[in-house]
Structure formats: C-alpha cells, structure tokens
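These notes are about the structure you will find just below.
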Amino acid sequence: MTDVTASRFDSPSVVRDGLRHVDYLADDSIAGVVFLADRLGKPILVEGPAGTGKTQLAKSVAELTGARLIRLQCYEGLDESKALYEWNYKKQLLRIQAQRVGESAGEWSDIEEDIFSEEFLLTRPLLEAIRADEPVVLLIDEVDRVEVETEALLLEILSDYQVSIPELGTVAAKQIPLVFLTSNNTRELSEALKRRCLFLHIDYPDIAREKEIVLTKVGGITDSLAEQIVRIVRSIRSLELKKAPSVSETLDWARTLLLLGIDHVDAESAKETLHVLLKYQSDIEKAAKELSSSGAPGR
Amino acid sequence: MSDDLTALPAGFDGGMLETLAGFVTELRRAGIPVSLTENLDAMEAIRHVPLEDRSAFKYALAATMVKNNAHWKAFETVFEVYFSFRGSDYRLREEEGDGDVEAMLEELIGAREGEGGSGEGLSAEELAEMLYRALMDGNDALLRALARAAVTRYAGMEPGRPVGGTYYLYRTLRQLDLDGVLERMMAEAHAQVPSDLTELEERLARDEYESRLDALRREIESEIRRRLVADRGAEAVARAVRKPLPEDIDFMHASRDELVALRKAIAPLTRKLAVRLARKRRHGRKGPLDFRSTVRHSLSTGGVPADPQFRYPRPSKPEIMVIADISGSVASFARFTLQMVYAISSQFSRVRSFVFIDGIDEVTDYFKGTDDIGHAIHRINTEADVIWVDGHSDYGHAFETYWERWGKEISGKTTVLLLGDARNNYHASQSWVVAEMAKKARHVYWLNPEPRSYWDTGDSIVGQYAAHCDSAHECRNLKQLERFVEHLG
C-alpha cells in the first residue's frame, strides 16, 4: 500500500511550511502526523476539544495539496445508502418499464445485468473518494456520532481503500486519498477503527502559537493587543468551566475588540465582551469574578 | 520482536531495537493497550522519520501506539525515561544562545562536571540570581542549563538508590524557593510600570510567571530522570516512576495531584456516558408503530408499506436516591459518585441525595440552581448537618434516621444507591433498614470503594447490608464507577 514515490511531502517541516502558506499554523505533532499519514498511507483520527481546528486541518491539507475535498458529515442513523452507494431505484424501474413497452426480445438476464451497472449507481461520499481520478482528501466529520455498528462500514475503506458492491464486485482506489476522521470524543470509538488510524490529539494551542494564529487570522490587529488577548484566554482556560473558550472563539473575541476600537483590554472591556468568548452564563459570571481578582497566591 | 529486524533501516542497531522492545513492554505495563499491529505500525512509522529529530520520532511513536488522549501523560513519562539520552534536544540548544549565554553555560557545565557536584563554578547566590534573571527574561536555553546546575548542586543524588526521583525533586525545589522567586518577580513587574498595575494586568503577569516556573519545574524533573536513567537503566526507573492511568486511580488513596487528574478525567467520561445512555434509551427497543410516518414512507414504494416506521420508545426513567457516607476516608469516593450521578441526571426522572457520617442530611437542594457541581460539593462539606455525636461513621444510626424521616418516600420506581465502606466503628448495624428499603424500592445497590478482599474485615460489616441489596459492587476507580453507572441508566 505504501508507495513511497507517491508521497506528497518530503519531511514534516515541509508539511508545516506548506500549511503555514495556506494560513494554518501547525505544531510539531500535527505536521509530523500528517507527514506520516501520507508516507504510511493511513487515515488520521483527529480528536480534541471543539473549535481547535480539526475540520480546518483537513480543509487546509486539501488546499495545500491541490486536492478535492470530499466530506462525509456523520450523524446518528447514517447508513450505507448515505455513506457508500445506493442503487438508483427509480431509474432502474424506468429501465424495466421501457423494456416492456418496447416489447423487444430482451432476455431478463440482460436487463438484470444492465440495471446493476454503474449507470444506475448513485455514488455517495465514500465511494466517490475511492473512484476519483484526481487527488482527493476525504474528510469523515464527527465520526463519533454514528453508532458502533455503522463504524464497520468504514473499516474496509480505511484499511484497504476499497468498497465491495455485491452486484458489481470490488472497487479499488485509483490513488490513495488522504483520509481525516474527526471526533469530538462523545463516545469511545471501537478498537478496530482506532487500530487502523494514526491518532492525533489537537489541544488548545500554547500561548505563542495562539498569538500567531490571532495575528494571522485577524487582519489589522496590533501585536500588543494579540498578546493581551491570548494571555487573558489562557487565564480563563485555567478555570474550571463548563466549556473553555476555543480557538475560534478567541478569534471572534479578537475581531470584536478590534471592531469596538479597543486597543488595550482592561477588566471593564473584558467583562463587557466576555459573552463572545464564553457561552454559559455561569461561566461568564465565574470568569468575570476571576478576572477582577488578581489571582491569589496558591490558587 | 526479533522478526521485525529486517524491517528496520540502517542506523538501527540491536541496542535501539532492544530499547524499543523495552519501551513497548513498559507502555503495556503502564496500562496502555498496544496491539501487535500497532507495534508493527510504529516500527514502520519510525523508518520514515529522521532519527535525529527527536520530536518527530516521539510523535511517530505516539500517533501509532497511543489512541487515547488520557494516556498521553503516561506515554510521555515512559518516552522520556527510555529516550532521554537520544536526540539532539539535549545538547543542540546550547549553540543557540549569544556569546554571553554561551560563556555562562561553559562555566556551568564546568561546574557540573566538577567532582562532587558541589558546583564550584557558581556560588549559591549567583545561581539564584541567574535563575531569577532567566525566568524574568523567559530565556529557555539558559533555564535549561541552570536547571541542570541546580540539580547538580542541590539534589544530592546517591547512585544506586531505587527511587523515582520525587525526593530529589523536592530537595532541589526547596533550595530554589520558587514561591519566593514568584513574589520577587511580581514585585519587579510592579516596579517596571510607573502607575499601579490593574488587577487584570497583575493576574496576567502572575499567570505568565507561573507558567515559566512550571516549565522550570518540569525541566528539573526531567533532568533528574535523565540522571536516574544514566545511573540505573531505563527499565528500573520506568518501574519507579510508573503511575496509574487516570481511570485506574484508586479513590481512597489518591494523592492531591491524582485527585486533580481525576477531576479532569471525570468530565469527558460523564459526557460520554450521558450520550451512551441517551442512545441506549432511544435504541434499546422499538416503540409502537407510527402509522402516519409509515404511510408517508410508503409513497416512495408506490403505496406499499414496505418500510414500517416506529415511534421512539419512551421508557420510564428511574428515580435515584443516593445515600453517601462522607466521612474522611471515603469522602472523595462519594464526591465522584455524586458528581457522576448529577452529571447524567437528565437520564433519571429525579435524583435525591443524602449524606451522612453519624447523622444524616438531605443535600438535594445544594445541586439545584447551580451548574457548578464543585460548588455544590463544597457546600456539602461545609454546610450539611451530618454530625450527631462524635463525627465517626455510624451507619446504623444514619440509616435509622433516614428511614424515619424519608423512608416513606421510597417508591417502586426508586433505585437506592448506598455508598460507603461500611466501617461502622462497631456500632449496631440496623441492617433491617436496608431490608425494608429493598422491599419497597425497585433496586438497592451498595457501592464500596474498598477492594473486595478487605470487605468484612475489622469493623467493616458490608456483608450484613449486602445480604439485603440487589448487589454490592467494588468501586475503586473511575473505570468501575463508570461501568456501574452505565448499568444503572
């Protein structure tokens, strides 16, 4: 499976620089795992808190490699006909009826062969990714939302990059796509799935990286404001909250402050705009209280 | 392992292979499940990363073998023990600094290699002063070198002692007095600005300095580990520093750090549990036929109802009564159980909670109107009226009082959870109360945080109570607790 000549990147640092070029700031672990996934031809299972750029990673890698992004959004009740393929029942019916009307001496076996051909196949994201001629990046989003049984649908694709269709045979991939699976960790994924993937946990970025992200994504922000913002966010994240602020919320907050023309955050302006950063009333109250205290020693 | 040898690239000698084998074995001993395929994947993966790039090497191993973020810390510890001498990290940094730093470093290294480790190159005051400046400037390279010098000077490491280094860490940190350093840094931060720091600024500065001090602490710890490994070999050190994974930490004997780890681990765990229970409820069985939906779906098959649709079932939710012993030894167990039960309280029609030591009090109201379970637990510990005579557990009296005051509120829909180690200080057991409960309630369960082999030894009378319960469970760690609560929902 691992054809080294087909590899897209030379080294982890090439991945990192490339991603930086498309405005995604990767750290060592992200770049390293993406590099390995390409070399080993394995899917990446990306886990981590919401809003840390899991989905964005897949999009950015697609942009970087110039590949088409095929996305499968998972939800409860997702099944084969939505994820893999489906026979176009109505078209098949029409085909049979057309035969009857024409009264031509077609054998049933001919018709049968005909209506189970690719013409009557509706491809869904997974099959589409497998059959694509051009390079693709397959994103299977929020895979923890499907039931454990449905996970099994993915296994054949993830390990062998092929789909078996009983009426047609096995469709093997023309090229090995880069596959990203994201999970918000609302349930434990099956061992079988985890075993087939490389595991990548994306956590909240450290302060230097987050600052860089703010500077890159929010145009016109000053260095000192960005520094202040990420420091306050770090302080807030260290509290015990129902939902800690994510990177995207940090960015929203930075944009808000910029729009309001605030170039120096003090306790007042922070408190007034906290609702951008935090989504629960109890969290907002807690953070507001904490921010106006100076952080007692031995906290 | 030996059959993988052919798959390894040049540059991997037998020694490296042996280290890797030991590394994987240690991961498994630490409780991280590494399957054979994952092991092979790891071997394949490290062929593709440059060996001298330590962080790439680390992430290659992690991505292939550690598939659960809760295990990351354990992985990191083992990695550090096994691969601390390899890679560029250790020496390369020294080339980065400017001339000034380099000169100082040379002096320091000289001190380190000086016999006896007394650090002749620097006096204690000079060391403290340099450390302070490096912290103030956030100079990582210098900090690293200073951490090394500090360990040499203060840890007083004795070769061959089978320890995990906690003691050495303590000795080093005591000499450095980091709390004092923090105060001094804050004072300087104050002095740097003309006007007073606002409280927010002060807080931010403190957070920043604390994180630098944390980095220094970690640096010292890993320096100590490095030396331990050099002294006694990776395997011995790994054994000494092995810690249980968060889900395996024993409630009764958790240290302060472990309790913090537990508190962090419980949130994602309960979230998963709630989702799982909600799903189970919805998919456990099918509800009655949904006629309208069936007809609508039949339109796509020409009016033939080929695909019958069912309503979602709405099974009744149980009502939970938690009766928990909160005396010293089992307090943290009660805390985590209450936290878990309340976190998934949407899965129950009602949750009521009672706590006791020798008196008993209802604390349901503490959980109402607050989102913050930690806050409620704090109120339990400070406000609940649970002491009757002397503040030593008396299950008999607590149960009797409970039965008098709330016994009639147990109904056929109620599930009663009794939490405690049943160490009754040789008081009367009054186990008839549990027998009466079992008659009225749907289920009565006993959860005991002690290992099963300790039950009914000394003053433990859990057997007398358990005889009347549906079942009694050993519940020593999050894993066991989670399993039980899932069974409950």
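Figures for the structure shown
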read-out: Subset tally (residues that are within 14 Å of another protein chain (Cβ to nearest Cβ) and surrounded by fewer than 17 Cβ atoms within 10 Å (Cβ to Cβ)) for segment A:241-256; value: 2
read-out: Scan of segment A:275-286 for residues that are in a helix (DSSP H, G or I), at pLDDT 85 or above and touching a Lys or Arg at 6+ places or on another chain (Cβ under 9 Å), ordered by number; value: A:V276, A:I284
read-out: Of all residues making up segment A:14-67, the number that are of a type in the set (D, E) and touching a Ser or Thr at 6+ places or on another chain (Cβ under 8 Å); value: 4
read-out: Candidate set: segment A:157-183, residues that are among the small types (G, A, S) and under 15 Å from A:T123 (Cα atoms); chosen: the one surrounded by the fewest Cβ atoms within 10 Å (Cβ to Cβ); value: A:G169
read-out: Residues being over 14 Å from the mean Cα position of the chain (by Cα) and of a type in the set (K, R) - total across segment A:127-161; value: 1
read-out: Per-region count, segment A:257-274, residues within 14 Å of chain B (Cβ to nearest Cβ) and assigned to a loop (DSSP other than H, G, I, E, B); value: 4
read-out: Helices (runs of 4 or more DSSP H) wholly inside segment B:178-292 that include at least 3 residues being within 11 Å of chain A (Cβ to nearest Cβ), modelled with pLDDT of 80 or more and out of contact with any strand residue (DSSP E or B) (no Cβ under 8 Å at 6 or more places or on another chain); value: B:178-192, B:199-232
read-out: Leading residue by the ranking (nearest to the other protein chains (Cβ to nearest Cβ)) among those in segment A:52-72 that are surrounded by fewer than 20 Cβ atoms within 10 Å (Cβ to Cβ) and assigned to a loop (DSSP other than H, G, I, E, B); value: A:T52
read-out: All positions within segment B:21-51 that are more than 11 Å from every other protein chain (Cβ to nearest Cβ) and over 30 Å from the mean Cα position of the chain (by Cα); value: B:L51
read-out: Unmet criterion (only one of (1) outside the structural domain of A:S29 (by TED's automatic domain parsing); (2) of a type in the set (K, R); (3) surrounded by fewer than 15 Cβ atoms within 10 Å (Cβ to Cβ)) for A:K211; value: (3)
read-out: Hits in segment B:351-380 (condition: of a type outside the set (S, T, Y), farther than 21 Å from B:A422 by Cβ and modelled with pLDDT under 80); value: B:F367, B:K368, B:G369, B:D371, B:D372, B:I373, B:G374, B:H375, B:A376, B:I377, B:H378, B:R379
read-out: Some residue of segment B:322-336 being modelled with pLDDT of 80 or more and within 25 Å of B:G287 (Cα to Cα); value: no
read-out: Total residues in segment B:174-206, condition crowded, with 19+ Cβ neighbours inside 10 Å and farther than 21 Å from B:A124 by Cα; value: 6
read-out: Members of segment B:432-489 found to be in a loop (DSSP other than H, G, I, E, B) and under 25 Å from the mean Cα position of the chain (by Cα), listed by number; value: B:P449, B:E450, B:P451, B:C475, B:R476, B:N477, B:G489
read-out: A:E80 being under 30 Å from A:G169 (Cα atoms), loosely packed, with under 14 Cβ neighbours inside 10 Å and away from every other protein chain (no Cβ under 14 Å); value: yes
read-out: Filter result for A:S248 (in contact with an Asp or Glu (Cβ under 9 Å, 6 or more places away or on another chain) and of a type outside the set (A, V, I, L, M, F, W, C)); value: no
read-out: All positions within segment A:32-51 that are assigned to a strand (DSSP E or B) and at the interface with another protein chain (Cβ under 9 Å from one of its Cβ atoms); value: A:I44, A:L45, A:E47
read-out: Residues that are without any contact (Cβ under 8 Å) to a residue 60 or more places away in the chain, of a type outside the set (F, W, Y) and either part of a helix (DSSP H, G or I) or closer than 28 Å to B:M136 by Cβ (or both), drawn from segment B:159-177; value: B:T166, B:L169, B:R171, B:T172, B:L173, B:R174, B:Q175, B:L176, B:D177
read-out: Total residues in segment A:79-102, condition at pLDDT 85 or above and not in a helix (DSSP H, G or I); value: 5
read-out: Residue match in segment A:136-146 (condition: of a type outside the set (K, R) and surrounded by fewer than 16 Cβ atoms within 10 Å (Cβ to Cβ)); value: no
read-out: Residue identified as touching a residue at least 60 places away in the same chain (Cβ under 8 Å), away from chain A (no Cβ under 14 Å) and either surrounded by 14 or more Cβ atoms within 10 Å (Cβ to Cβ) or of a type in the set (S, T, Y) (or both) among B:Y402, B:Y426; value: B:Y402
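The values are calculated or read from the model by the stated rules, or taken from the named source; none is laboratory data. Computed from a predicted model, the values in this text were never measured in an experiment. FYI the Cβ positions are ideal-geometry reconstructions off the backbone, even for glycines, and counts take in every protein chain you see.
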